[in-house]
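Readers should treat all values here as calculations from the given coordinates under stated rules, not as data from a laboratory. This is a predicted model, so every value here is computed, not measured. Cβ sites come from the backbone with ideal geometry, for glycine too, and all protein chains shown count toward neighbours.
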Amino acid sequence: MSRLLVIEDDVTIATTLELALRAGGHTVFWASTGRAGINAAIAHKPQLVLLDLGLPDLDGLSVCREIRSLLPATIIVLLTAHREELDVVSGLESGADDYLTKPFRVVEVLARVGAHLRRANGDSGLVQSVPADDVRVLGSLSVNAAARTVQVNGSNVALPGREYDLQPEIGAPVPGEQLGFYTAGTLLVGLGPAQADAAVRAAFAGKPAETTEGGWISVAVPVASAETVTGAVRAAMPISVLWQRVGLTWLVLLVAAAAALLVGIGTARRLARMITDPMEGLTRASLALGGGDFFVRTHPSGLPEIDQAYAALNVTAERLGELVRRERHLSAQT
């Protein structure tokens with residue numbers, strides 16, 4: 001297994017190279033600009049670099065010279081759309097080991113890369129054994145974490161770096177559901193139909209999609225790199241399970257609504273008692289005063305409006321009581 005770096009601003013070309021090289025068991029890093037490529041070379045120290053000369057920010061030859069100065073042992077293969085001999089000579093003089101002219105065939109790239117790596121490794125082979133702990137199995141899916149390779153039913157599957165980084169997040173779905181990742185119309189990770197259904201095909205067209213088919217409801221969303229769709233994530237569940245969950249959700253909502261109603265009723269009753277109790281006290285005091293009980297008194301309720309009525313009643317009772325006492329005193333003197 002070798003570390004390779006692709007420095008290419010064309011997403012389609014870069015993705016194609018990444019897929020092919022990963023299928024060969026290599027670890028592949030991708031940078032879309034010259035500056036990012038230099039940083040990636042410093043960070044990952046690749047054994048081989050595929051370098052496009054027509055980069056958007058830096059001249060490819062200057063990037064080649066920079067990488068050569070930083071990593072003297074790294075193999076540099078130029079990717080160029082220029083056919084002039086001067087471009088090729090300039091590239092080789094800048095430190096490149098080889099070149100490929102666009103458009104190129106992927107098999108030719110793989111052959112050139114393999115030949116350079118075999119020479120660099122003294123024909124000792126490129127594949128290294130990995131511990132069993134680095135291999136994760138989920139049904140027919142086998143993921144080698146150290147080699148960053150994926151197999152389905154024993155066959156190698158090319159998986160781009162972004163999709164490889166995504167697949168551990170998919171894992172096993174909830175029982176009764178399907179969750180899977182598709183690329184090139186084929187299920188790579190998780191559960192679902194082996195081939196893309198209508199929802200996945202629509203997602204590869206660049207838009208999220210929802211379909212109902214065969215008693216299942218499926219939702220698929222595209223996974224894109226820049227403006228290129230490289231995969232799709234599909235989630236599905238049986239319609240019967242969906243209705244069960246919808247029914248359960250409605251039941252929970254109804255229970256919550258009933259609880260809220262009971263709490264509201266209890267609160268309303270407490271608020272009503274806060275008003276009715278003082279009013280009943282005012283009524284009893286008024287009736288007692290009307291019946292000749294001039295010693296009746298009321299106590300503050302905490303409600304300003306009712307307390308004003310209480311105060312007026314207390315003043316009236318006190319004055320009437322005082323008049324009655326005076327009348328009795330005068331009657332006693334005569």
Rh by Kirkwood over Cα pairs, then Stokes-Einstein D for the stretch 243-333 at 1.306 mPa s and 10 °C, µm²/s: 94
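Is the C-alpha gyration tensor of the stretch 1-44 telling us rounded, prolate or oblate? Criteria: a/c under 1.5 is rounded; beyond that, a/b larger than b/c is prolate, otherwise oblate.
Values: a/c = 4.19, a/b = 1.21, b/c = 3.47.
Since a/c reaches 1.5 but b/c is at least a/b, the shape of the stretch 1-44 is classed as oblate.
Hey, what's the Cα Rg ratio for the stretch 3-120 versus the globular rule of thumb, 2.2 N^0.38 Å? All intermediate terms of the calculation are to be shown ahead of the outcome.
Working: Rg = 12.6 Å, N = 118, 2.2 N^0.38 = 13.5 Å.
Taking N as the residue count of the stretch 3-120, the ratio is 0.93.
Net charge around Asp10, counting only other residues with Cβ within less than 10 Å of its Cβ (Lys, Arg = +1; Asp, Glu = -1)?
On the way: positive: Lys102; negative: Glu8, Asp9, Asp52.
Neighbour charge sum, excluding Asp10 itself: -2.
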Under 13 Å, Cβ to Cβ, from Leu110 - net charge with Lys/Arg +1 and Asp/Glu -1: +2
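Provide the net charge surrounding Leu287, with neighbours chosen by a C-beta distance below 15 Å and charges set as Lys +1, Arg +1, Asp -1, Glu -1. The partial results should precede the final answer.
Details: positive: Arg284, Arg297; negative: Glu280, Asp293.
Residues close to Leu287 contribute a combined charge of 0.
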